[in-house]
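These notes concern the structure reproduced below.
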Amino acid sequence: MARFLNLPPPGGEPEDDPLAGVANLFDVSVVFIVALMVTLFSVYRIGDLLDPEAELTMVMTKPNGMSEIIVKRGTEIEAYEVTGETLSGDGERLGSAYRLANGQIIYVPD
């Protein structure tokens, strides 16, 4: 019966498995990764990107200095590049955005 239970011989020391702690390290690393992901989602509010009802506007600056506006309405995502072009027309100032006579809105970063 003892051969099926893998018991140590009487009076002998049980054998230590050197790889027994590796499984625990793997479990700890998985828990750490999940905690890090939850923290990043909550700090940067990335959950709004996954919500199909959320409306979100982000301004991203590329390494070359150009800006891009990313607008998410529901499940639709649109990206607008900010150019250095100077436009003119009759418009109504909306903070740092301008609405032209034809209804188009132009964003001007400060």
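The values are calculated or read from the model by the stated rules, or taken from the named source; none is laboratory data. Since we're looking at a predicted model, the values are computed, not measured. Cβ coordinates were reconstructed from backbone atoms using ideal geometry, including for glycine residues, and neighbour counts include every protein chain displayed.
Would you be able to say whether some residue in region 6-21 is of a type in the set (Asp, Glu) and at pLDDT 85 or above? Walk me through it before giving the result.
From region 6-21, those of a type in the set (Asp, Glu) are 13, 15-17; that's our starting set.
Adding the requirement that they be at pLDDT 85 or above leaves none.
No, every residue in region 6-21 fails to be of a type in the set (Asp, Glu) and at pLDDT 85 or above.
Quick check on my filter: what residues within region 19-75 are part of a helix (DSSP H, G or I) and in contact with a strand residue (DSSP E or B) (Cβ under 6 Å, 6 or more places away or on another chain)? Reasoning before the result, please.
Of region 19-75, the ones part of a helix (DSSP H, G or I) are 20-43, 47-50.
The one that is part of a helix (DSSP H, G or I) and in contact with a strand residue (DSSP E or B) (Cβ under 6 Å, 6 or more places away or on another chain): Asp48.
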Residues that are touching a residue at least 12 places away in the same chain (Cβ under 8 Å) and exposed (fewer than 13 other Cβ atoms within 10 Å of the Cβ), drawn from region 63-79: Met66, Arg73, Gly74, Thr75
Being exposed (fewer than 11 other Cβ atoms within 10 Å of the Cβ) and of a type outside the set (Gly, Ala, Ser) is the filter; apply it to region 80-95 and report the residue that is modelled with the highest pLDDT. Glu81
Those residues of region 22-50 which are touching a Lys or Arg at 6+ places or on another chain (Cβ under 9 Å) and either modelled with pLDDT under 70 or among the hydrophobic types (A, V, I, L, M, F, W, C) (or both), in sequence order: Leu49
State which residue pairs qualify: first residue over 14 Å from Ile69 (Cα atoms) and part of a strand (DSSP E or B) and inside region 83-110, second residue modelled with pLDDT under 75 and of a type outside the set (Ser, Thr, Tyr) in any location, beta carbons under 6 Å apart, and separation of 6 or more residues or different chains. Arg99/Glu92
